[in-house]
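First up is the structure itself, then whatever we jot down about it.
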């Protein structure tokens, strides 16, 4: 009997960990307006996923549905492996809302104490002080929030999201009220969360921020997932632009072997595969030189996430315009 | 359970930190002092034998009920105006977002808020009412026949009104919820007085106005029960039963058990409605 139990226990422990967030077919209608339509996404344990999209794309609605703050009309949500309908699924979830407001009659210390009590976890006072210090509020720990600036309230919101030892942190526009230094702080915090294996779902307008910290990106447009994938997948293959003269046939073959080649006068653009190794560019250049081609310039070409995002959104708009016509 | 207590405690802390407690305390002291002065004048008049002992008891009963009405009005305004900001205000401003994203049920959160308001509102009327009874005892040597019952009914009246305010604040804006709750409280009281006049005139259709309003919102019914327990039983005989009906600060009949049961059921139903509305609310 105990052997069977042990076996079962081993089976369970050997199961791959459930994703931090899993949702499927989320749908939300406000009156006649469809805010979210058939959104499915996943955030793996320890993964940082960025949620991008224009205003009104449904990003905040999706986040609120994940956290049980908005009732989806259809769809399923699992948080840390538990159905999100159950409040217990949120024990290890930290959340910084887009609309960050905390009880103005409390102090940061009291706000954290309240959230720790509500989370039902035992978080020591030292830990709480450390979190306040991490977001730069150690000096104001006992002041009433009534007199806090927006930036300081957002810092407190970050501390609230981090205080109850989360395994998943949902940050909705976490830097909207912060100065450049504060933004760097947030970036460092997100990176350190990833190092500790904490999953992060980050909704941000700052594409640069998302590009720096996120493993994967989900792009929402008009309530639907317009694209999703790792940065490599989304940004596609890397390009290499070469200015070459006196290109012999052998060098052309070598170029073609590296990837698809396009030629415009003396400029050759080679699309390198996404999984290319670091040495492939110097190897290619050395080979071209040895094959007799004269190399004048080599430029890496990589489209930015911003260009890609705009491209996806414009393509969506064109499609709708075409459909309407 | 600990979540309910945490939220209730938070609501009480809000009331004290937002200076609601201080404002109520100031108003109460003012009202106590004024009534103390008024009652001492009654005592002076009756001492000069301008009033018979029966008249003194009648005057004391009426004045006591009048001041108690003042307290119940303060409690009504206080709790209704507190229920709005603490519930609708928090959902509107976004304070509720981070709290409700914690592993707690919304109904538990609502129960905590309601409990905090109950302790605050009921605690206020009981303490202020008790202080008033003591003032009356010290000045005109009148002690109500059933002070415990009377104060409990005053507290119950506050609970009824704040439960209504909680329901309203799950559906409408903080300002509207306070205004509507206090407005309904006033309307029911006026309807009760109109019903009393109808009874004294023997007009049953006018009398029904009071009965229907007391059924729809039990604040006035409970208030009449409280008055009956505060006033001297012989006081009414001076008026005659029908004249007493018409007078807004005397009550002819004690509260029936069935009405009390209805009030309890009413609170439970309205609270359940509030919870159902709050659970379904998109934040």
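Observations on the structure shown:
- Any hit, the range A:16-26, residues being within 14 Å of another protein chain (Cβ to nearest Cβ), at pLDDT 90 or above and under 24 Å from residue A:229 (Cα atoms): yes
- Any strands (runs of 3 or more DSSP E) falling wholly within the range A:169-265 and containing at least 2 residues that are closer than 30 Å to residue A:39 by Cα: A:199-203, A:216-221, A:224-230
Residue by residue, here is whether (1) away from chain B (no Cβ under 12 Å); (2) touching a residue at least 60 places away in the same chain (Cβ under 8 Å) holds:
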{"position": "A:146", "(1), (2)": "no, no"}
{"position": "A:153", "(1), (2)": "no, no"}
{"position": "A:157", "(1), (2)": "no, yes"}
{"position": "A:165", "(1), (2)": "yes, yes"}
{"position": "A:168", "(1), (2)": "no, yes"}
{"position": "A:174", "(1), (2)": "yes, yes"}
{"position": "A:180", "(1), (2)": "yes, no"}
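- Filter result for residue B:26 (free of Cβ contacts under 8 Å to residues at least 60 places away in the same chain and part of a helix (DSSP H, G or I)): yes
- Residue identified as farther than 24 Å from residue B:121 by Cα and at pLDDT 90 or above among B:279, B:267, B:193, B:206: B:279
- Candidates in the range A:1-28 are the residues that are under 25 Å from the mean Cα position of the chain (by Cα) and not in a loop (DSSP other than H, G, I, E, B); of these, the one that is surrounded by the fewest Cβ atoms within 10 Å (Cβ to Cβ) is A:25.
- The single condition from (1) away from chain A (no Cβ under 14 Å); (2) surrounded by fewer than 21 Cβ atoms within 10 Å (Cβ to Cβ) that residue B:94 fails is (1).
- Picking from residues in the range A:114-135 that are at the interface with chain B (Cβ under 10 Å from one of its Cβ atoms) and part of a helix (DSSP H, G or I), the one that is surrounded by the fewest Cβ atoms within 10 Å (Cβ to Cβ) is A:117.
- Residue identified as over 12 Å from the mean Cα position of the chain (by Cα), crowded, with 20+ Cβ neighbours inside 10 Å and at pLDDT below 80 among B:79, B:56, B:52, B:86: B:56
- Hits in the range A:199-230 - residues which are under 18 Å from residue A:95 (Cα atoms) and modelled with pLDDT under 85: A:205
- Under the condition of being surrounded by 18 or more Cβ atoms within 10 Å (Cβ to Cβ) and at the interface with chain B (Cβ under 7 Å from one of its Cβ atoms), the residues counted in the range A:101-113 number 3.
Rundown of residues vs (1) more than 10 Å from every other protein chain (Cβ to nearest Cβ); (2) under 28 Å from residue A:44 (Cα atoms), yes/no style:
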residue	(1), (2)
A:68	no, yes
A:71	no, yes
A:76	yes, yes
A:88	no, yes
A:97	no, yes
A:137	yes, no
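- When residue B:104 is tested against (1) part of a helix (DSSP H, G or I); (2) within 14 Å of chain A (Cβ to nearest Cβ), exactly one condition is not met: (1).
The values are calculated or read from the model by the stated rules, or taken from the named source; none is laboratory data. Worth saying up front: this structure is predicted, and the values here are computed from it rather than measured. So basically every Cβ, Gly included, is an ideal-geometry build from the backbone, and we count neighbours across all protein chains shown.
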